[in-house]
């Protein structure tokens with residue numbers, strides 16, 4: 001199973017896009033896997049693809065000396081290809097990510113970062129080319145605003161539950177989450193759809209009507 005999983009991840013990586021994966025999730029009866037539309041890449045060319053490492057935050061209003069301990073532990077433990085996901089319950093006051101965390105995560109060859117909170121240091125993040133997706137931009141630090149209270153535990157963003165190891169797929173169209181247990185069939189379906197869409201596009205570019213192309217390929 002591990003070899004099959006690694007193989008399909010490798011095959012999907014150069015082709016992956018959120019739209020065909022979203023369609024594949026629908027085909028497999030998984031209809032609540034799209035994260036809120038407010039979550040956008042800080043660089044529109046960025047792509048997220050990899051298993052999630054998760055952290056969750058709670059609001060605070062006081063100064064806490066140990067506020068960064070759990071956050072640092074999560075970032076320092078990131079493995080190659082993983083996506084760091086920090087959930088704030090959609091609180092834009094909480095900005096858990098910036099240039100320094102991006103620098104460390106990039107050094108560890110992590111695949112990117114995602115939050116429903118806020119991000120800062122956008123110019124530096126864009127310059128380093130590290131994929132970062134966020135619901136808000138803010139210059140504020142988390143001190144006096146939010147603190148990570150759980151690491152590598154289930155989280156929820158919008159209507160979507162995210163567990164460690166679930167596969168995150170994000171690009172300029174949006175972000176979707178594939179439950180780890182469904183990753184093989186969903187990614188297989190998505191890859192077949194991507195191949196079919198390329199063939200359909202070639203027929204349309206050659207002059208075939210959309211109606212005829214749809215009858216031939218069954219895609220849209």
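The values are calculated or read from the model by the stated rules, or taken from the named source; none is laboratory data. Everything numeric here is computed off the predicted structure, so don't read it as measured data. As a convention, Cβ positions derive from the backbone with ideal geometry for all residues, glycine included, and neighbour counts pool all protein chains shown.
Before moving on, here are some points about what is shown:
Results for (1) part of a strand (DSSP E or B); (2) more than 17 Å from the chain's Cα centre (by Cα); (3) at pLDDT below 95; (4) more than 16 Å from residue 85 (Cβ to Cβ), shown as yes or no for each residue.
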{"site": "165", "(1), (2), (3), (4)": "no, no, no, no"}
{"site": "169", "(1), (2), (3), (4)": "yes, no, no, no"}
{"site": "188", "(1), (2), (3), (4)": "no, yes, yes, yes"}
{"site": "193", "(1), (2), (3), (4)": "no, yes, yes, yes"}
{"site": "200", "(1), (2), (3), (4)": "no, yes, yes, yes"}
{"site": "207", "(1), (2), (3), (4)": "no, yes, yes, yes"}
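- In the stretch 15-32, the qualifying residues are those that are under 9 Å from residue 191 (Cα atoms) and under 15 Å from the mean Cα position of the chain (by Cα), and the one that is surrounded by the fewest Cβ atoms within 10 Å (Cβ to Cβ) is 16.
- In this structure, residue 16 qualifies as closer than 21 Å to residue 173 by Cβ and in contact with a helix residue (DSSP H, G or I) (Cβ under 9 Å, 6 or more places away or on another chain).
- Boolean, residue 213 is assigned to a helix (DSSP H, G or I), over 25 Å from the mean Cα position of the chain (by Cα) and crowded, with 19+ Cβ neighbours inside 10 Å: yes
- Just one of (1) within 23 Å of residue 174 (Cα to Cα); (2) touching a helix residue (DSSP H, G or I) at 6+ places or on another chain (Cβ under 7 Å) fails for residue 104. It is (1).
- Single residue of the stretch 110-142 satisfying the filter (assigned to a loop (DSSP other than H, G, I, E, B) and within 15 Å of the chain's Cα centre (by Cα)) that is nearest to residue 157 (Cα to Cα): 116
- Once the stretch 157-175 is narrowed to residues that are in contact with a strand residue (DSSP E or B) (Cβ under 7 Å, 6 or more places away or on another chain) and under 30 Å from residue 61 (Cα atoms), the residue that is surrounded by the most Cβ atoms within 10 Å (Cβ to Cβ) is 157.
- Among helices (runs of 4 or more DSSP H) entirely within the stretch 1-99, having at least 2 residues that are closer than 21 Å to residue 163 by Cα and at pLDDT 95 or above singles out 18-27, 69-76.
- Within the stretch 111-122, one or more residues are surrounded by 23 or more Cβ atoms within 10 Å (Cβ to Cβ), touching a residue at least 60 places away in the same chain (Cβ under 8 Å), farther than 30 Å from residue 185 by Cβ and not assigned by TED's automatic domain parsing to the domain that holds residue 185.
- Scanning the stretch 176-186 for residues that are farther than 16 Å from residue 26 by Cβ and over 16 Å from the mean Cα position of the chain (by Cα), we see that the one that is surrounded by the most Cβ atoms within 10 Å (Cβ to Cβ) is 184.
- Residue among 75, 132 that is over 21 Å from residue 172 (Cβ atoms) and touching a helix residue (DSSP H, G or I) at 6+ places or on another chain (Cβ under 7 Å): 75
- All told, residue 79 falls short of being touching a residue at least 60 places away in the same chain (Cβ under 8 Å), surrounded by fewer than 17 Cβ atoms within 10 Å (Cβ to Cβ) and assigned by TED's automatic domain parsing to the domain that holds residue 131.
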